[in-house]
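Structure first, commentary second.
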Amino acid sequence: MARMSSPILRPRVAALVVALLLSACTGDGTEPASEESEAAASPSATDVPAEPGPAEEIGLVEGWGPSQAQLDRAVRQARRLTVPELAGQLIVASWSGTRAPVRMVRDLHLGGVIAFSENATSAQQIAMVNRSLRRRVPRPWPLFVGVDQEGGIVERVATTPFPAFMSTGAARDGDLTTRVFRRYGAELAGLGFTVDLAPVADVTTGPADPTIGSRSPGSDPRLVAEHAEAAASGLTAGGVVPVLKHFPGHGSVPADSHLTLPVQERSLRQLRRADLAPFAAAVEAGLPAVMTGHLDVRAVAPRVPSSLSRKVVTGLLREELGFEGLVVTDSLQMAAVTRRRDPAAVAVQAIRAGNDVLLMPPDPAAARLALVRAVRRGTLTRTRLVQSAARQIALLLHTVRDGRGVPAGSSRAASRELSAAAVTVVAGPCEGRLVGDAVVPLGDPGTARAFIPAARAAGLEVRVPRRPPDRLADARPRPERRAGESRADHRDRVRRWQRQERRRREALAAWQADEEERLGDAARVAFAGYGDGPVTGDVAVATDTPYVLASSRARVRVATYGATPGAMSALVDVLTGQATAPGRLPVHMPGVPRAGCGV
């Protein structure tokens, strides 16, 4: 790289050159200067500032993943693109169907695509889609091939099932979190994904949080920061780009941005102490990418979605927290940004706010055209597009490598290890056997089905309750009065219905009594999943957030933070006394005897 002297140093350099020339030509018999004296007289290399490279010229610096050389390379590549190609590079689109969207990516020069469950029928099929994209859309850099794969209730493709991210907060072992997410990332990389829109860095506030819940490690900002950072490091080591979400924090608003624009009423001081804290820690740790959420942050930018606000994205994230990395919007198909807003204008506003990647605009072609027109009109500059494209390209070059995947067994073992470390017993004995030789699974049918093979493998007798006959289970509706029917006739019909309904209830009660006798004294293990109500039984098990356990009166109350095969196997080990429950509640939850046996 060429170097140049500053105006201040140029006279010194010139004088030194003249002196050296004179001493060489005078022949006055003086001894040549020693190496030490020459070194002392010469300006050091650090005194001569380096000529700024391509990345530095447009304000891109290292410290969040890519090296300066990778940033320079990315800028050179981005500068070769036309304005329409640059605009397309900033867009990551969704698509319909199960075939690779090669033509859409080629025609619009998209930065990439994101897969959802409707695009993936199996792991093998989505791997073929991603392989086809890589081969048929050749680029000098990897495509942004994204997936929204968090674990728990947010898993879009068929990989090894992992428990909810709240498991990490219950286990409280950052090294374990990193190891598990390295396996998770390697499995995704093996399927051809280059970006995972995870982990969640939102701090949940409890049952009033309808959107984040078990997707968060917990309600303590320090706990969330530790495990968001650990998970992101693991995903990076596994070969995929992690994207922390949803800045400036979605866990403390009482609405879902998929459905409306949630209002964040907290003061800026409160936000800094809680919601912003995990993101600040992530920036300090040098993590590479952040997703901006769609929130109405009243203390910063009232009535403007935070993802579209320059005060939030550039002001809070980039300037106050000092984030230099890649910023990705949340889906631009969500009601929080689509309601009463022109999608094309939203695309331009998001880039002007400071985002680098437009995720899932409703019409990718229209979003691309809007960016091109904004450059032609002077609303955006070409350099601004180059800056965002280069950030994306550099990060993909830095993180992504040809994924070979990991053996399925190792991923299953990692998933189970996390669940075993997270199992939390908030009521009942902390050691020893918690059930007899027979169990009856109740509640959430899907979880019960997952529990049965784990219970039988441990030698438990599983007695499955039968469904009542339809003639007993289904009540007929109270008859309405027919047109032209007299009051007396209608009254008679209602009385007949009442007699029939009374006989049905009596027969149902008798059937249930017989069923209870058939099931015997087996322990009733009742499961509650996402959104379920109170749990009754001998053993109450919460498989998502643990809040339902506060209202249960079961003798034994357990949180597993997942209904995966690994979580059910770990639960059975605790119920049979083969293992203790080391987990601790990761959320504040009054109404339970203790926060866990590990406390």
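The values are calculated or read from the model by the stated rules, or taken from the named source; none is laboratory data. Quantities reported herein were computed from a predicted structural model and do not represent experimental measurements. So basically every Cβ, Gly included, is an ideal-geometry build from the backbone, and we count neighbours across all protein chains shown. For accessibility, only protein heavy atoms count, side chains too; no ligands or nucleic acids. Shrake-Rupley method; radii C 1.70, N 1.55, O 1.52, S 1.80 Å.
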Fill in the blank from the handout: Dividing the helical contributions, -39500 (n - 2.57) per DSSP H run of n ≥ 4, by the residues of the chain yields a 222 nm value, nearest 500 deg cm²/dmol, of -12500 deg cm²/dmol
Exercise for the section: Please get the size of the charge dipole for segment 359-471, origin at its Cα centre, with Cβ charges of +1 on Lys and Arg and -1 on Asp and Glu, quoted in debye to the nearest 20. Expected result: 840
Handout entry: Full-extension gain in nm, Val154 to Arg352, via 0.36 nm per residue minus C-alpha separation
Key = 68.3 nm
Problem - Cα lying deepest toward the dipole's positive end in segment 151-268, options Tyr184, Leu261, Leu197, charges on Cβ - result: Tyr184
Practice task
Report the full-extension gain for the segment Ala488 to Arg99: residue separation times 0.36 nm, less the Cα-Cα distance, to one decimal in nm.
Solution key: 133.6 nm
Completion exercise
Per its Cα gyration tensor (rounded if a/c is under 1.5, else prolate when a/b beats b/c, else oblate), segment 173-260 is best filed as oblate
Problem - Beta bridges by DSSP in the chain, antiparallel share as percent, to the nearest 5 - result: 15
Exercise for the section: Note the angle between two axes, namely the Cα long axis of helix 174-190 and the longest principal axis of the Cα atoms of the chain, as a number of degrees from 0 to 90, rounded to the nearest 10. Expected result: 80
Practice task
Sticking with the crude label model, points 7 Å out along Cα→Cβ, report the distance from Arg503 to His258 in nm, one decimal please.
Solution key: 4.6
Problem - Of (i) 58, 30, 22; (ii) 48, 31, 22; (iii) 66, 22, 18, the label for semi-axes √(5λ) of the Cα gyration tensor in Å derived from the coordinates - result: (i)
Fill in the blank from the handout: So for R0 = 25 Å, FRET eff. of Gln270-Ser551 from the Cβ-Cβ r, to 0.05, ends up at 0.30
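In percent, what relative contact order does the chain have, based on Cα pairs under 8 Å that are 6 or more apart in sequence? Spell out each step's value before the answer.
On the way: 1242 pairs, mean separation 89.0, N = 599.
It comes to 15 percent, rounded to a whole number.
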Handout entry: For segment 228-295: rounded, prolate or oblate by the Cα gyration tensor [a/c cutoff 1.5]
Key = oblate
Exercise for the section: Please give the helix 382-399 orientation as an angle from the longest Cα principal axis of the chain, in degrees from 0 to 90, rounded to the nearest 10. Expected result: 70
Problem - Probe 1.4 Å, accessible area per residue of segment 279-357, Å² - result: 33
Completion exercise
In whole Hz, the Karplus estimates of ³J(HN,Hα) for segment 153-158 (6.51, -1.76, 1.60; θ = phi - 60°; x where Gly or Pro) are 7, 10, 9, 9, 10, 7
Practice task
For helix 123-136, report the angle its Cα long axis makes with the longest principal axis of the Cα atoms of the chain; keep it between 0 and 90° and round to the nearest 10°.
Solution key: 20
Handout entry: ³J(HN,Hα), Karplus 6.51/-1.76/1.60, whole Hz, each residue of segment 411-420, x for Gly, Pro
Key = 5, 4, 5, 5, 4, 5, 4, 5, 5, 5
Fill in the blank from the handout: Result for segment 416-569: accessible area per residue, probe 1.4 angstrom, in square angstrom, of 53
Completion exercise
One finds, for Ala458 and Trp511 with R0 = 22 angstrom and r their Cβ-Cβ distance, a FRET efficiency to the nearest 0.05 of 0.10
Exercise for the section: Could you check how much of the accessible area of the chain is carbon and sulfur, as a whole percent, using a 1.4 Å probe? Expected result: 51
Handout entry: Label-to-label distance, nm, for residues given as Arg76 and Arg481 (7 Å Cα→Cβ offset)
Key = 8.8
Handout entry: Karplus-derived HN-Hα couplings along segment 543-555 (A = 6.51, B = -1.76, C = 1.60, θ = phi - 60°), whole Hz, x at Gly and Pro
Key = 9, 10, 5, x, 4, 5, 5, 5, 9, 7, 10, 5, 4
Problem - Amide proton proximity set for Ala427, modelled H, under 5 Å, gap of 5+ - result: Arg557
